[in-house]
Amino acid sequence: MGTFGFKNWIQVALLFVVASSYAQERPNVLFIVVDDLNDMIGSYGDTQVKTPHLDRLAERSLQFDLAMSSSPLCNPSRTAVLTGLPAYVTGIYENNHSFRDIPEFADWVTLPQYFRKHGYRALAGGKVFHKAAGKHSDPQSWDEIYHDKSGTAAPCDEQRWQHGMKGEFALDYYNKAIDWAALDTPKEETIDWQTADKAAKILSEESEQPLFLAVGIFRPHLPWYAPKEFFDMYPLESIQLPKTRAGDLEDVGPIGRKMAGGQAQSVIEKHGKWREAVRAYLANVSYADACVGHLLDALEKSPHADNTIVVLWGDHGFHLGEKEHWEKYTLWERANRTPLYISAPGVTKARSVSPRPVALIDLHSTLIELCGLPARDDIYGKSLVPLLKKPHRKWHPALMTHYPNNHAVRDDRYRYIRYADGFEELYDHRNDPHEFENIAGTPEAKAIIKHLRRELPKENAGWPDYERTLNQH
């Protein structure tokens, strides 16, 4: 041991004890992401949905009323949050892209990897990255993937596509995905519930390390298969349809129309299935809500109840016929606005709301700051901690990207969209919350657009398959 004496060993031991104690004092993170969840939630003002557990989470959290995805598509949105890099930087514009395949980002340190680097145990279940298993679950990010499945199992063939629309959608994806059925399976036997249940068991255990526990709930992603009890919550005759306007795309440019796909709404209306489809979405939201409730129950009973940051976010919004569109894939409000709740002990005030527009990519630096980890200077986004402390303080606009050089900017009042061909849209949400009127061509819009245009990135990562993929949508 040379000259390394007894006193030195005592000092090392004391440092180890202090470091271990410090690690234990760091808060755990319960990181919940729900797929395709728009703001049809009770705490966001929706009057027909039944979401008692999300509403309960709102009671203990700061709710962001204008949280926006960084991209209105699963993989680009999740990649932005988990890498801290937006799509216009990485070139991750589609679901089949992987940032690990890009040499510049092959060894990129993701959010869970950064937490592991600083003493956390990072665990994932369900769909957190783009898949629950395989390459697109990014297994190198985690100490363990505790559940590598997601969603609910499909019913027997006789119960599928009973709506009679299969084969009539121009987009083949719709023919495969737009379906719904009430399952006879008890919720406790479904896959998303099992994801939540496995996470609940992890929460019930003592841990030598602070936890970064990620839970991915797949529903209400299509197809809308959920236990019958959730469909029974919504009598068909009681379903309220979204507010729409005939000819809503007349003031939208060619790229915006291509993104919308348009024709799905006409098929669903022709078959008289609009009300059934909205009901199915709501049933799946209530199913996801029950899974979240199971997690919250477990956390409240766990040894980590008072030392856990809870973050719940949807990866993007979802159209149910608004602007003649179904699904996501657009730069309008419905495809990008998503719920975001943050409950941080000692920081956030219960039952508080922030009206400021924020981007989901901000979660990366927010969690790093909340947990006392060293700040990163290699990521985008801005920590939301100042808003967590003062929810109404001034804030900067949120930026969204869907394919190269197509961007939207959302501030407190306006949504500004600029497409790759130069076409612009501007919506005044104070007077037009459903985005019926594109006012970009009006004289009063010039100064507003000039101001919001400053938020657009000057460079966009390329993507050679852009035109082909856009034409498929």
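The values are calculated or read from the model by the stated rules, or taken from the named source; none is laboratory data. In this text the structure is predicted, and so the values were computed from the model without any measurement. Counting neighbours? That spans all protein chains shown, and the Cβs are built from the backbone with ideal geometry, glycine included.
Below, the figures for the structure above:
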quantity: Region 154-184, residues that are more than 19 Å from Tyr281 (Cβ to Cβ) and in a loop (DSSP other than H, G, I, E, B); calculated: Cys156, Gly167, Glu168, Ala170, Asp184
quantity: Conditions (1) within 26 Å of Ala375 (Cβ to Cβ); (2) modelled with pLDDT of 95 or more: number failed by Gly126; calculated: (1)
quantity: Answer from Gly441, Gly422 - the residue that is closer than 30 Å to Ile102 by Cβ, over 26 Å from the mean Cα position of the chain (by Cα) and free of Cβ contacts under 8 Å to residues at least 24 places away in the same chain; calculated: Gly422
quantity: Pair list, Cβ < 9 Å and 6+ apart or interchain, from region 54-74 residues that are touching a residue at least 24 places away in the same chain (Cβ under 8 Å) and under 13 Å from Ile32 (Cβ atoms) to residues that are outside any loop (DSSP other than H, G, I, E, B) and acidic (Asp, Glu); calculated: Leu54/Asp289
quantity: Number of positions in region 184-194 that are in contact (Cβ under 8 Å) with a residue 24 or more places away in the chain and either under 25 Å from Ala264 (Cα atoms) or among the charged types (D, E, K, R) (or both); calculated: 3
quantity: Failed item, numbered, when Ser383 is tested on (1) buried (at least 23 other Cβ atoms within 10 Å of the Cβ); (2) hydroxyl-bearing (Ser, Thr, Tyr); (3) touching an Asp or Glu at 6+ places or on another chain (Cβ under 8 Å); calculated: (1)
quantity: 2 or more residues under 28 Å from Gln140 (Cα atoms), out of contact with any Leu (no Cβ under 7 Å at 6 or more places or on another chain) and modelled with pLDDT of 95 or more: qualifying helices (runs of 4 or more DSSP H) within region 47-97; calculated: 74-83, 87-90
quantity: Scan of region 197-231 for residues that are among the acidic types (Asp, Glu) and over 20 Å from His294 (Cα atoms), ordered by number; calculated: Glu208
quantity: Selection from region 294-332 of residues that are among the charged types (D, E, K, R) and more than 24 Å from Ser365 (Cα to Cα); calculated: Asp297, Glu300, Lys301, Glu322, Lys323, Glu324, Glu327, Lys328
quantity: Those residues of region 415-437 which are part of a loop (DSSP other than H, G, I, E, B), surrounded by 14 or more Cβ atoms within 10 Å (Cβ to Cβ) and touching a helix residue (DSSP H, G or I) at 6+ places or on another chain (Cβ under 9 Å), in sequence order; calculated: Tyr419, Ala420, Phe423, His429, His434, Glu435, Phe436
quantity: Scope region 123-140; condition surrounded by fewer than 24 Cβ atoms within 10 Å (Cβ to Cβ) and among the small types (Gly, Ala, Ser); matching residues; calculated: Ala132, Ala133, Gly134, Ser137
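For (1) without any contact (Cβ under 8 Å) to a residue 24 or more places away in the chain; (2) under 30 Å from Asp107 (Cβ atoms); (3) in contact with an Asp or Glu (Cβ under 6 Å, 6 or more places away or on another chain), each residue gets a yes or a no:
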site	(1), (2), (3)
Ala335	no, no, no
Val358	no, yes, no
Leu363	no, yes, no
Leu370	no, yes, no
Asp377	yes, yes, no
His392	no, no, no
Met400	no, yes, no
